[in-house]
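Inspection log for the structure reproduced underneath, given as structure tokens.
What follows is calculated from the coordinates using simple rules that are stated; it is not laboratory data. Note that the structure is predicted; figures quoted are calculated from it, not measured. Ideal geometry is used to build each Cβ from the backbone, glycine not excepted, and the neighbour counts take in all protein chains shown.
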């Protein structure tokens, strides 16, 4: 850690990260690329006169901070004059090029597409394309061009507290619009792509088709596509859930682990080249060539791109025999990726990958020194265990914050699965080549399919040990940050035991405990009334402290609703009780009246109640408002949209507050 802090590019990286984050959350810089370059040039010239000043380092840090701001601002397609949304009219036609094939939803095939043209105007920008399943008999491929009419809509915010914010996720991918179309509303212009990525996609498709004729089972094919070709669309939800519970979900996404194994494998195979003059250079060139071919074959996804960039930098650093080659190569690759794709900073996979590798670099040697086995096999097993433990420590706070769970058997998963992964990747290349050029021998299908089948069964067995899966852990961003500081302080103390470092560690423990007590106190004093948004159903919550009473009109499936699970974890709710929705509720001094299909609201003595309209009641809203003079009218997700539109117009005319959960999200009243 001390060497890292003394490494100047690491300081520049930190300022670059701060600049990207600052611009993303404040959007303070709104100047074009020319102005940005002029500002940076001026600062660089000014820094020349400060080169002997003690403030020179800080000033250079500010320059990189500004670079981070500028590159994020200029990578924002919405600020480009040619951004497609700026040229749309009600009658516009758009030509799209399919860039990425996503995992299908329940009702739609999903694609990311670039908007090439609006009417006769060339444009830029990406959109999410949703094509109705019933209307399409075949998939579109990367490079296909389609023509659609203007049906672009903004992506909605999440409608319930602590729900996964899909809009925010897509914004971080540079996507701000989506469209829903049927086959009748689109025209395929060009099935044969001439782009390089389109050629690679067609090559990958031919490999997938050849594998389908070999006799592998559905799950075996899905895992092969994920591990060898980077395509996870065909993995079932059940199998994905099992990998997640077993702490092995990272296996399914081609990332640093896969690329690291491939780098080691090819370095080993090509090692004899080092005996010849310039053999090391030829070996390096071949390794890099294959790594980037693998990245292309796997679709150049964010995880593949960063992994190949990272290990390419490591391979180059080791070629030049640089001291601390791995650490410096990681810093360089991260710096380069953020310069080219600043939005990578907000990609969860990007964060987890680098934190895992940094954990392995700095934490694993500490664990390994605790015990040095005499026997080779035991030593390799101990190395694998300490690497797995160090990587898990590196990602632990972030995993708790994002996923709210901790797989207790992660070390068992890694000890058993990583050897499988090495075999699958090394022999998988042979399987791909043989299946592409000739029918794959039956014995190879049996053996290779059997290995993948054993891998899946191992994962399922580990996933069933639910006593070791700690889930629904409430963990805030503040606690995540403090836990990282605690981990760093602890290992710094282990490396060099002194009073100063020990006191710092103790102080951080006290701060972490204080934050935990404060969050617990806030939970205990909270008092909320919530009308959740649930399509075709009604779910209402009355929360007092760490207890939540749920009123609903559903059957036993209420216990499995993600709407409630997300809220429970986010607010650290300990106790849930379920009841059917009553006619009215008394929430402190506020009366809440529920009006359903019966349309009964003739209750005397009500003063400015909150009205919750559910199940599309046939009522005269104007008469109801004049009778009850409600404080607020809420329409939940169980109502027809046409009814909600009429109610909204009536409330606007009568100057009555109206809230539609389908439009504004869940209604939350803090008491």
Quiz item: Once the piece of chain linking residue 374 and residue 429 is laid out straight, how much longer is it, given 0.36 nm per residue of separation minus the C-alpha distance between them?
Solution: 16.3 nm
Quiz item: With N residues in region 1-137, what two-decimal value do you get for its Cα radius of gyration over 2.2 N^0.38 Å?
Solution: 1.51
Quiz item: In nm², what is the average projected area of the convex hull enclosing the Cα atoms of the chain?
Solution: 37.7 nm²
Quiz prompt | R0 of 56 Å, Cβ-Cβ distance residue 586-residue 446: FRET efficiency to nearest 0.05 | solution = 0.25
Self-check item: Alpha-carbon centroids, region 169-189 and region 380-410: separation in whole Å
Solution: 37 Å
Quiz item: With r defined as the distance between the Cβ atoms of residue 38 and residue 82 and R0 fixed at 35 Å, what FRET efficiency is calculated, to the nearest 0.05?
Solution: 0.95
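Based on the alpha-carbon gyration tensor of region 84-194, what equivalent-ellipsoid semi-axes (square roots of 5 times the eigenvalues) come out, in whole Å, largest first?
Whole-Å semi-axes of the equivalent ellipsoid: 22, 18, 13.
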Exercise. Report relative contact order for region 247-316 in percent, whole number only (criteria: Cα-Cα under 8 Å, sequence separation at least 6).
Key: 42 percent
Practice problem: Kindly identify region 477-518 as rounded, prolate or oblate by the Cα gyration tensor criterion: order the square roots of the eigenvalues as a ≥ b ≥ c, call it rounded if a/c is under 1.5, otherwise compare a/b with b/c, prolate if a/b is larger, else oblate. | Solution: oblate
Exercise. Treating the angle as unsigned and between 0 and 90°, give the value, to the nearest 10°, between the Cα long axis of helix 348-368 and the longest Cα principal axis of the chain.
Key: 50 degrees
Quiz item: Roughly how many whole Å is it from the C-alpha centroid of region 41-91 to that of region 421-436?
Solution: 45 Å
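When the gyration tensor of region 429-491 is built from Cα positions, what are the square roots of 5 times its three eigenvalues, in whole Å, from largest to smallest?
Each semi-axis is the square root of five times an eigenvalue, giving 44, 18, 10 Å.
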Practice problem: Fewest Cβ neighbours within 10 Å first, please rank 234, 575 accordingly. | Solution: 575, 234
Quiz item: So what's the angle, to the nearest 10 degrees on a 0 to 90 scale, between helix 56-74 and the longest Cα principal axis of the chain?
Solution: 60 degrees
Quiz prompt | Förster-model FRET efficiency, 51 Å R0, residue 31 and residue 213, C-beta, rounded to 0.05 | solution = 0.35
Quiz item: Could you give the alpha-carbon Rg of region 527-670 over 2.2 N^0.38 Å, rounded to two decimals?
Solution: 1.01
Quiz prompt | Order of 647, 371 - criterion: other Cβ atoms within 10 Å of each residue's Cβ, fewest first | solution = 371, 647
Quiz item: Across 5 Å bins from the origin, how do the percents of Cα pairs in region 2-74 run, short distances first?
Solution: 4, 17, 23, 23, 18, 11, 4, 0
Quiz item: Remind me, relative contact order of region 2-74 in percent, using alpha carbon pairs under 8 angstrom and six or more residues apart?
Solution: 55 percent
Quiz item: In whole angstrom, and with the biggest value first, how far do the Cα coordinates of region 126-190 range along each principal axis?
Solution: 40, 24, 21
Practice problem: Kindly put 478, 181, 454, 129 in sequence by how many other C-beta atoms sit within 10 Å of each C-beta, fewest to most. | Solution: 454, 478, 181, 129
Exercise. Take the alpha carbon atoms of region 259-346, find their radius of gyration, then divide it by 2.2 N^0.38 Å using N residues; give the quotient.
Key: 1.12
Self-check item: Relative contact order of the chain, pairs being alpha-carbon contacts under 8 Å that are 6 or more residues apart, as %
Solution: 10 percent
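Which percent, to the nearest 5, of DSSP beta bridges fully inside region 527-670 are antiparallel?
55 percent
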